[in-house]
1. Do you know which residues across segment B:208-234 are buried (at least 22 other Cβ atoms within 10 Å of the Cβ), in contact with a Pro (Cβ under 8 Å, 6 or more places away or on another chain) and assigned to a helix (DSSP H, G or I)?
2. Residues that are modelled with pLDDT of 85 or more, within 14 Å of another protein chain (Cβ to nearest Cβ) and either over 18 Å from residue A:183 (Cβ atoms) or under 30 Å from the mean Cα position of the chain (by Cα) (or both): does segment B:167-180 have at least one?
3. Could you check residue B:152 against (1) free of Cβ contacts under 8 Å to residues at least 60 places away in the same chain; (2) touching a helix residue (DSSP H, G or I) at 6+ places or on another chain (Cβ under 9 Å); (3) not small (Gly, Ala, Ser) and say which number it fails?
4. Do we have any residue at all in segment A:104-120 that's more than 15 Å from residue A:161 (Cα to Cα) and either surrounded by fewer than 16 Cβ atoms within 10 Å (Cβ to Cβ) or of a type in the set (A, V, I, L, M, F, W, C) (or both)?
5. Please go through (1) under 28 Å from residue B:34 (Cβ atoms); (2) modelled with pLDDT of 85 or more; (3) buried (at least 17 other Cβ atoms within 10 Å of the Cβ) for residue B:359 and return the number of the only condition it doesn't satisfy.
6. Counting only residues that are exposed (fewer than 10 other Cβ atoms within 10 Å of the Cβ), give me the helices (runs of 4 or more DSSP H) lying completely in segment A:1-67 with at least 3 of them.
7. For segment A:102-194, list the helices (runs of 4 or more DSSP H) that sit wholly inside it and hold at least 2 residues that are more than 14 Å from every other protein chain (Cβ to nearest Cβ); which are they?
8. Please work out which one of (1) among the β-branched types (Val, Ile, Thr); (2) in a helix (DSSP H, G or I); (3) facing chain A (nearest Cβ under 8 Å) is the condition residue B:110 fails and give its number.
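The values are calculated or read from the model by the stated rules, or taken from the named source; none is laboratory data. These figures come from a predicted structure and were not determined experimentally. Here the Cβ is made from the backbone with ideal geometry for all residues, glycine too, and neighbour counts use every protein chain on show.
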Amino acid sequence: MERRQVTGGDLVRYAIIFALLIFFLFPIYWMIATSFKAPGDILTRPPRWTFQPTLENYFYAFEQANFGLFIKNTLIVAVVSTAIVIVIGSLAAYSFARYDVGAGHLMFFILSTRMFPAIAVVIPYFVIFRDLGNTVIGQALSLGLDRLGALVVCYTMFNLPFGIWLMHSFFQDIPVELEDSARLDGYSRLQVLLRVVLPLVAPGLAVTAIFCLIFAWNEFLFAFMLTRAVARTITVGVASFWTQRGILWGPLSAAATVCVVPMLIFALLLQRYIVRGLTFGAVRG
Amino acid sequence: MASITLEKLWKKYGDVEAVRGISVDIVDGEFMSLLGPSGCGKSSTMRMIAGLEEITSGNIYFDGELINKVRPRDRNVAMAFETYALYPTLNVYENLAFPLRAARWSNADVDKRVQEIAGILEITDLLDRMPAHLSGGQQQLVGLARALTRAPRVFLMDEPISHLDTRQRGRMRAYLKRLHIELGHTMIYVTHDQEEAMALADRVAVMDQGLIRQVGTPDEIFHNPADRFVAGFIGEPPMNFLECEYSQEEGRHVLRHNSITIEMPPHSESWAQRGAIPQHVTLGIRPFYIDTGLEKSVRHTIPAEVFVVEPLGDMTVVSVNVLETRLQIVTEPDFRAQRKQSLWLAFDPARTLLFDAETGKALANQAWNQERAAGGTGDIKAS
């Protein structure tokens, strides 16, 4: 192929792209850089671009602030709540898409549970879980204050409407003739769902799962109100470096870096599915 | 293989009556076509036979056995879909094997059967391909092959070739007919294309507005339509209709279209003598049976004015105005005429049909007589 002449338009285009990249990526760079700085290198004026890197902040975050536990908690809560959302949500979405359960009213009701800000329900939830935690059932299911079960319930509640609506559109995109055909071919409705529908809707489920995971991973308000120490999650953990002695920028940056990395790797691994899932309807035509 | 009986079958979607009490018997091994315009209830009827739609009321029997409550997977019917409905995540081989796997065939048996069917439909070299990489015609073949792997009792086809281009459609049509002759399945074929229905079927059921207007062989449907709807729906270009007044003058039976006198069809004679012909009638004549002359003659007595001439190659279709009514005439391929040119037409009286202008029912029509004798099995709607 012949090399194309670089025009002025190209230069402008790349300049804009470069500027946008700087705008979006610089905070991340600065966070990572700060996480490797010694305390004396952090809040200097002018900012110090070269410094002696140190792992001191990471040691502080994991040993003093017990950040490993927070990561473990967050992982459990995020994965469990997402799994519940996918299982319940996909079945609900399928029945909405194929049987028109509730003639649209039920779907609207489900959406309506997202029409108030989280702050409006967090105090009632606090009271509910405080009392539930003192009952036998609450203790058995880990549903009290500062318990992981309580967060799983909250995140499931919040992700379920979103998940159902998203998956509903994915299910609707699957031609109903495929299911008719499989039913005539000798399969039960459940087998049709498992063998014909699910393989087709898998990219859509992956996309839904990613959104749910990201929400659970980044959620702050509920985790802040409902946990103290045992069930504390990473977002609250990061905020805890805001102490009476001042903001511990180094450990805070180290913790934040650790928070970002798993989601980044996860998104890169599933990128193929994300793109396929987001363009699902468009490609089918 | 099975015979199928539909008995006073109804399908309602809320207030919409899609199928309104149809009854028909389909003989074992017959190729029956359900023909009608979109929304006539033909697809609903087929889906009820398949078990994909619930029956509002009425009964369906396979070989005399009531199957209303039998689940689709237990009916052993196979269906080829308009959209082919191949499983996109499975290759052609697995698509063909899919119904067999449901029946828990062993891998060896599945392989034998898939190879056999693929051989019959000549798609053996496609077995490793994914459906997305096939052409429309190939996808249709695979869809048919999948429907055939199980040796179904009834083979249902829902407009299976309507998405193919004209040339492929012609090829597939001949192919389907051949397949039916060789395999002898009971086949039900839903289509809105009268050409397909006539070419393929042993018998055609013409449907409109949820009712069966007529069931008959392609010849019966074409030559002895039961009513004006069937007459107008079958045939291309469609049948011409001319509103006429019937009267008796000096002992003679006369048809008049305003000032024009038209000869009565000879087969209506006995009806006329019984006084069974109403005053307002519609005369129907197919474009093929109108003869044209440049001069008025003993035969050519109906004056007409050329509106437009369409040379189609195999024939020329001439549209003319007879007073206020537009008629289409099929003429020789080399026929040419000027716009507004005068022509004189002759209707072949043996080929004209009479319909009651109010009810649309055929008068003096052989099929209609049979219908009467049988006590009205086919729910002919009076509207």
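1. Across segment B:208-234, the qualifying residues are B:231, B:233.
2. no
3. It is condition (1) that residue B:152 fails.
4. Filtering segment A:104-120 down to residues more than 15 Å from residue A:161 (Cα to Cα) leaves A:119-120.
Filter again for either surrounded by fewer than 16 Cβ atoms within 10 Å (Cβ to Cβ) or of a type in the set (A, V, I, L, M, F, W, C) (or both), leaving A:119-120.
Scanning segment A:104-120 turns up at least one residue that is more than 15 Å from residue A:161 (Cα to Cα) and either surrounded by fewer than 16 Cβ atoms within 10 Å (Cβ to Cβ) or of a type in the set (A, V, I, L, M, F, W, C) (or both).
5. (3)
6. On the way: elements: A:8-35, A:39-42, A:56-59.
Once the helices (runs of 4 or more DSSP H) in segment A:1-67 are filtered for at least 3 residues that are exposed (fewer than 10 other Cβ atoms within 10 Å of the Cβ), what remains is A:8-35.
7. On the way: elements: A:105-112, A:119-132, A:136-140, A:148-172, A:176-184, A:189-192.
Where helices (runs of 4 or more DSSP H) fall fully within segment A:102-194 and carry at least 2 residues being more than 14 Å from every other protein chain (Cβ to nearest Cβ), they are A:105-112, A:119-132, A:136-140, A:148-172.
8. Checking residue B:110 against (1) among the β-branched types (Val, Ile, Thr); (2) in a helix (DSSP H, G or I); (3) facing chain A (nearest Cβ under 8 Å), the one that fails is (3).
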